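Some notes on the structure that comes next.
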Amino acid sequence: MSSSVSSISSGSIAPQLREISVAHSPDSDDAFMFYGLATNKVRVPGLKFTHTLSDIETLNRKAKDAFYDLTAVSFHAYPYLQDHYALLPSGGSVGEGYGPMIVANKEYSVEQIKNKKIAVPGTLTTAYLVLKLFAPEVQTEVVPFDQIIPQVLQGRYEAGLIIHEGQLTYSKSGLHRIVDFGKWWREETGLPLPLGGNAIKRGLGAEIMHEVSTALRESIQYGLDHRDEALEYAMQFARDLDRQLASRFVSMYVNERTLDYGEEGRKAITRLLDMGYERGIIPHKPRVEFVD
């Protein structure tokens, strides 16, 4: 563990504790990443982490108001909150040739799907940004992410844009995958698809920002080093997944790229946001800045 992470009991430093509010999505990959911090396996002297779980679109919108100190966000949302937050170099969810998908109740062609109204999990999600890069004129309607598959099955929508565990469960519902945007993005750019990351409030100051950044990386490393226990913890957030599928999902989005984006990962984030800005989807010129 790094020097900033300690096993000192909280009782001995309680008078000096500074609370750091942490927010992330209630899904298995985020839970796996934050396992070390959430269970006090990883601690930082002088800091106390309090955790809130909420869907990613809610977190995106709260981040626009600088609500939490450390928050998971969609990369699409980052230009809207970049004045208040910087990105951490770890904690990202990156699709290596896989990612959000359009699924439908029929086997539509790629051109046909562009003429359907698509249920989307939120207009600040990265999935929505990539959909708009793929089909700028497509009609969409926002539906809670965990209701998209059920509502497509009920016939309320002909197609849906799915994120999170739905990427592994849609087929058993009888739906058809029309486009996998991780694959589409790789073919378009040669890069992995950066979906979400963790942003930290600039107002905390450089020292605390760095300490929190180190703690998150240690939490991810702890989960990877103690995979069975971290996966057991994450299973409580694994909607509709058995242990085997949950393990697969975690492996997809918590790996070496999660510890550090690397040059390629950072390039992919900048490329994605610049494309969104150049095509008029993002109104603010992106300034991608990391805590290093």
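What the table shows:
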read-out	value
Read-out volume of the Cα convex hull per residue in Å³, derived from the coordinates shown; its label in [x] 128; [y] 119; [z] 167	[y]
Whole-number accessible area per residue in Å² for the stretch 89-168, which is evaluated in the context of all protein chains at 1.4 Å	37
Most to least packed among 213-219, 181-187, 158-164 [average Cβ atoms within 10 Å]	158-164, 213-219, 181-187
Percentage relative contact order, the stretch 33-184, counting C-alpha pairs under 8 Å, at least six apart	28
Charge-dipole axis of the chain as Lys and Arg at +1 and Asp and Glu at -1 on Cβ define it, positive-most pick from Leu133, Tyr170, Gly197	Leu133
Rough spin-label spacing in nm, given labels placed 7 Å along Cα→Cβ, for Arg279 and Ser21	3.4
Under 15 Å, Cα to Cα: Lys pairs in the chain, sequence gap 8 or more or different chains	9
In sequence order, calculated HN-Hα J values of the stretch 177-192 (Karplus, 6.51, -1.76, 1.60; Hz; x Gly/Pro)	7, 9, 9, 9, 6, x, 5, 4, 5, 4, 5, 6, 10, x, 10, x
Candidates Gln244, Gln221, Gln147, ranked by Gaussian network fluctuation over the chain, Cα under 10 Å, top entry	Gln244
The chain: relative contact order in percent, alpha carbon pairs under 8 Å with at least 6 residues between	29
Rounded to whole Hz, the Karplus (6.51, -1.76, 1.60) HN-Hα couplings of the stretch 88-93, x for glycine and proline	7, x, 10, x, x, 9
In sequence order, calculated HN-Hα J values of the stretch 198-204 (Karplus, 6.51, -1.76, 1.60; Hz; x Gly/Pro)	10, 10, 10, 5, 5, x, 5
Carbon + sulfur, % of accessible area of the chain - ligands and nucleic acids excluded, 1.4 Å	45
Signed unit charges on C-beta, dipole axis of the chain, positive-most listed residue Leu87, Phe290, Gln112	Gln112
FRET efficiency for Arg202 and Asn255, using Cβ-Cβ distance with R0 set to 25 Å, rounded to 0.05	0.35
Ranked by how many other beta carbons lie within 10 Å on average, peptides 75-87, 261-273, 118-130 from highest	118-130, 75-87, 261-273
Helix axis angle, 243-253 relative to the chain longest principal axis, alpha carbon, degrees	80
Sequence-distant residues sharing a close amide H with Lys117 (under 5 Å, placed H)	Glu158
Lys, Arg +1 and Asp, Glu -1 on Cβ, resulting dipole of the chain about Cα centre, debye, nearest 20	480
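The values are calculated or read from the model by the stated rules, or taken from the named source; none is laboratory data. Not measured: the values here are computed from a predicted model. Heads up, the Cβs are rebuilt from the backbone with ideal geometry, glycines too, and the neighbour counts pull from every protein chain shown. Note: areas computed on protein heavy atoms with side chains; ligands, DNA, RNA excluded. Shrake-Rupley method; radii C 1.70, N 1.55, O 1.52, S 1.80 Å.
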